[in-house]
Every structure is written in C-alpha cells, then in structure tokens.
Amino acid sequence: MNIRNHIRQAIVDGLDAHVTQRYGQAGAIFHDENEFIPFDDLNFNSEYGYFRISLLPDIERDCTNENPDTLHLGKDYSEDWKPLIWADGGGNLAMIGDPWNAADLYQALHAYLFGGSLDAEKISENDPAWDYMKRIDWAIDEYREYIPGAKRRTRDRVGNTIRAAATRGAIRGAVQDDIGNWKFRPATFRGWLVKTARETRGRKQQIQ
C-alpha cells in the first residue's frame, strides 16, 4: 500500500493528523508533536508506527513511497498531436497540453505552494467551462432515448422542453455560458430524466 493511502485510512480511523503540503512537498502533520513529514520520507512499521525513513533507514517498511501521480503523452489526437496528460493516483485523467502549458501550470503551482497565490475568482462545480458539462444536443439525445414517446417529437420541441425546465430550475446544475448556451451535468440531468419519465408514465396511466 502506498503511504498516502495508508495514512489517509489511519486518519479516517482516528489518527490525530492531517494531510497537507509544506515547501512544495506533500506530506502529513502529526498533531501530537506538530511535526510535518513529507511522503517521500514517511513510512509505517507495525512495531514502530509511523517514522522518518531518513532517521531510521534500516527499519522494515510496510508501505511504498512513490508518487502515484504520473505524466503521459497522449495518442490518437489530430495531426499527430501528443499532449501531456496527468493521471492522478485514483486513475482520473486531466489534459495539460503542450510543454509550454505545463511550464505555465508549474509557475502557477509554484506561486501557490510557496506564496499562497490564488486568483480571487472562485469556480463553481456547475461552471459551464468544465469539460464534463454537456451541451443541449447531448441533452436532447438523452431525453429522446429515455422519455416514453419522445422520439415522436422533433428535436426543436424537445430542446425547448429541456430549456424551459432548466430555466425554472428543475434540472439541478444546469447553467448557461456567456452567450446563453445551456450546459448540463450528466448525473443530475439523468436524475431529472428519471423523475420526468415517472411523471410521464403516471399521466398516461391516469388517462387510461
């Protein structure tokens, strides 16, 4: 087990510590001694508990210390573009882009880690700029696939139905970008579809 996962589980189980960073290094602070130990110098032994590798290099280590985050080159992009891609320890991917994008990101991260520099603007989970936000064409396809009888309606009519629901706040997380285009979070949009489908079936049963 990686030391990061080991100590995070220990904290959940009641260890008086928390994961943080200092001087650009990720690690953990143990509250009993107010001691910060970076992950590359921290390990665990069933007899000794958590310890510094640099102080006790001969102690048997129960955990690994490698950084689980890795960088990769992309493939299958247009015109042989091979962007840098970040894979975190949980298997999630994020596009970085060209090497100069990585350099700009490094400077921004350095400014934060060593100077606490952050832009004053906060970003919402529902910001339409997130790459997982879906456009109205996607929403129309989902609606026509899931809602009974919706395939008999035109795409324009379905789109108007979705926009009306988004405008009145029925679709949680639906937002408009700067030019008025609606965007939707897949999970919450599908939750609205489930509710809408039930209501549609209920109305049909009442009519019968």
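Coordinate-derived values only; no laboratory data. Treat the numbers as computed from the prediction; the structure is a model and nothing was measured. When we count neighbours, we look across all protein chains shown, and the Cβ atoms used for this are built from the backbone with ideal geometry, even at glycine.
Within the range 101-140, if we keep just the residues that are of a type in the set (Ser, Thr, Tyr) and either in contact with a helix residue (DSSP H, G or I) (Cβ under 8 Å, 6 or more places away or on another chain) or in a strand (DSSP E or B) (or both), the residue that is farthest from Asp156 (Cα to Cα) turns out to be Ser117. Close contacts from the range 160-180, counting a first residue that is farther than 20 Å from Asp131 by Cβ and a second that is surrounded by 12 or more Cβ atoms within 10 Å (Cβ to Cβ) and among the small types (Gly, Ala, Ser), with Cβ to Cβ under 7 Å and a gap of 6+ residues or different chains, come to Ile162/Ala139.
Matching residues to (1) over 27 Å from Gly24 (Cα atoms); (2) among the small types (Gly, Ala, Ser); (3) surrounded by 12 or more Cβ atoms within 10 Å (Cβ to Cβ):
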site	(1), (2), (3)
Thr70	no, no, no
Gly115	no, yes, no
Leu118	no, no, no
Tyr143	yes, no, yes
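Report yes if Ile85 is touching a residue at least 40 places away in the same chain (Cβ under 8 Å), within 28 Å of Gly115 (Cα to Cα), surrounded by 13 or more Cβ atoms within 10 Å (Cβ to Cβ) and among the hydrophobic types (A, V, I, L, M, F, W, C), otherwise no. Against the criterion (touching a residue at least 40 places away in the same chain (Cβ under 8 Å), within 28 Å of Gly115 (Cα to Cα), surrounded by 13 or more Cβ atoms within 10 Å (Cβ to Cβ) and among the hydrophobic types (A, V, I, L, M, F, W, C)), Ile85 does not qualify. Here the range 34-75 is the region considered, the condition is being among the aliphatic types (A, V, I, L, M) and touching a residue at least 24 places away in the same chain (Cβ under 8 Å), and the residue that is farthest from Pro99 (Cα to Cα) is Leu42.
Only one of the numbered conditions (1) loosely packed, with under 15 Cβ neighbours inside 10 Å; (2) aliphatic (A, V, I, L, M); (3) not in a helix (DSSP H, G or I) is not met by Ile11, and that is (3). Taken over the range 89-100, the criterion of being outside any strand (DSSP E or B) and within 15 Å of Asp131 (Cβ to Cβ) is satisfied by Asn92 alone.
For every residue, the table says whether it meets (1) part of a loop (DSSP other than H, G, I, E, B); (2) in contact with a strand residue (DSSP E or B) (Cβ under 7 Å, 6 or more places away or on another chain); (3) polar (S, T, N, Q); (4) over 17 Å from Glu199 (Cα atoms).
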position: Glu142; (1), (2), (3), (4): no, no, no, no
position: Pro148; (1), (2), (3), (4): yes, no, no, no
position: Val158; (1), (2), (3), (4): no, no, no, no
position: Arg163; (1), (2), (3), (4): no, yes, no, yes
position: Ala170; (1), (2), (3), (4): yes, no, no, no
position: Ile179; (1), (2), (3), (4): yes, no, no, yes
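Residues of the range 14-58 that are among the polar types (S, T, N, Q), surrounded by fewer than 13 Cβ atoms within 10 Å (Cβ to Cβ) and assigned to a strand (DSSP E or B): Thr20 alone.
Of the listed requirements (1) free of Cβ contacts under 8 Å to residues at least 40 places away in the same chain; (2) under 30 Å from Tyr23 (Cβ atoms); (3) over 21 Å from the mean Cα position of the chain (by Cα), Leu118 misses just one: (3).
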